[in-house]
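First the structure, in the form of structure tokens, and then the observations on it.
The values are calculated or read from the model by the stated rules, or taken from the named source; none is laboratory data. Not measured: the values here are computed from a predicted model. In this analysis, Cβ positions are derived from the backbone assuming ideal geometry, glycine residues included, and neighbour counts consider all displayed protein chains.
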Amino acid sequence: MSGPTIHETASVEPGAEVGAGTAIWHQVHVRAGAHIGRDCSLGKNVFVDAGVHIGDRVKIQNNVSVYAGVTLDDDVFVGPSAVFTNDRFPRAHGRAWKVTPTNVRRGASIGGGAVIVCGVTLAEWSMVGAGSVVTHDTQPHEHVLGTPARHFGWSCWCGVLVSRDVNRPVDTTCTACGLKLGDVGAP
């Protein structure tokens, strides 16, 4: 297995961990103390803060800042210019900064330009529509969109919307991949 590929304009500080097979592109900045798993892709102008944990096979597109307190599990997708926050009550002065953790679970996808307010958990295989503002936890396979993000339906692990029901269907079969929404895991 080959080591990471790091573009000459990227800055990966000593003390950052970057897994084999990971590609770090133009003008990416990875701070000391960050952990990036194997076979990831970090697009142009991505920032990864100290203490951030990024799992394996994660794709982060251009212009995303992953701040302290954010954890991205394996197989997560983050679209271009998505935003993570990490302090519920930010002030430039007069108040101590308090990091509030955000967890993005395995296989979750975040559309371009979405805002993920700190303190939420995006559940396994959930889907956040482009431009949405997420202020509450999602359920496994839940598809949310809007400002603030609201329930839209249920997505298969492959990303296809399989139901618009309010309650998660158990026996719905995805027309794209043939798996039932209730099946555990992914190929």
Of residues in the stretch 17-45 being more than 18 Å from V76 (Cβ to Cβ) and charged (D, E, K, R), the one surrounded by the fewest Cβ atoms within 10 Å (Cβ to Cβ): K44
Residues satisfying the stated conditions in the stretch 1-16, i.e. modelled with pLDDT of 95 or more, surrounded by fewer than 16 Cβ atoms within 10 Å (Cβ to Cβ) and either out of contact with any His (no Cβ under 7 Å at 6 or more places or on another chain) or not in a loop (DSSP other than H, G, I, E, B) (or both): T5, E8, S11, E13, P14, G15
Odd one out for I24, checked against (1) closer than 27 Å to Q139 by Cα; (2) in contact with a Ser or Thr (Cβ under 8 Å, 6 or more places away or on another chain): (1)
Restricted to the stretch 55-72, and to residues that are part of a loop (DSSP other than H, G, I, E, B) and without any contact (Cβ under 8 Å) to a residue 40 or more places away in the chain, which residue is surrounded by the most Cβ atoms within 10 Å (Cβ to Cβ)? V58
Per-region count, the stretch 97-116, residues out of contact with any Cys (no Cβ under 6 Å at 6 or more places or on another chain) and part of a loop (DSSP other than H, G, I, E, B): 12
Pick from the stretch 155-181, criterion without any contact (Cβ under 8 Å) to a residue 12 or more places away in the chain and surrounded by 13 or more Cβ atoms within 10 Å (Cβ to Cβ), ranking: nearest to H141 (Cα to Cα): K180
If R88 passes every condition in (1) at pLDDT 90 or above; (2) surrounded by 13 or more Cβ atoms within 10 Å (Cβ to Cβ); (3) touching a Ser or Thr at 6+ places or on another chain (Cβ under 6 Å) but one, which one does it miss? (2)
Within the stretch 17-29, residues under 21 Å from G112 (Cα atoms) and either touching a helix residue (DSSP H, G or I) at 6+ places or on another chain (Cβ under 7 Å) or assigned to a strand (DSSP E or B) (or both) come out as A23, I24, H29
Which residue, of G94, G119, is modelled with pLDDT of 95 or more and either assigned to a loop (DSSP other than H, G, I, E, B) or closer than 19 Å to I60 by Cβ (or both)? G119
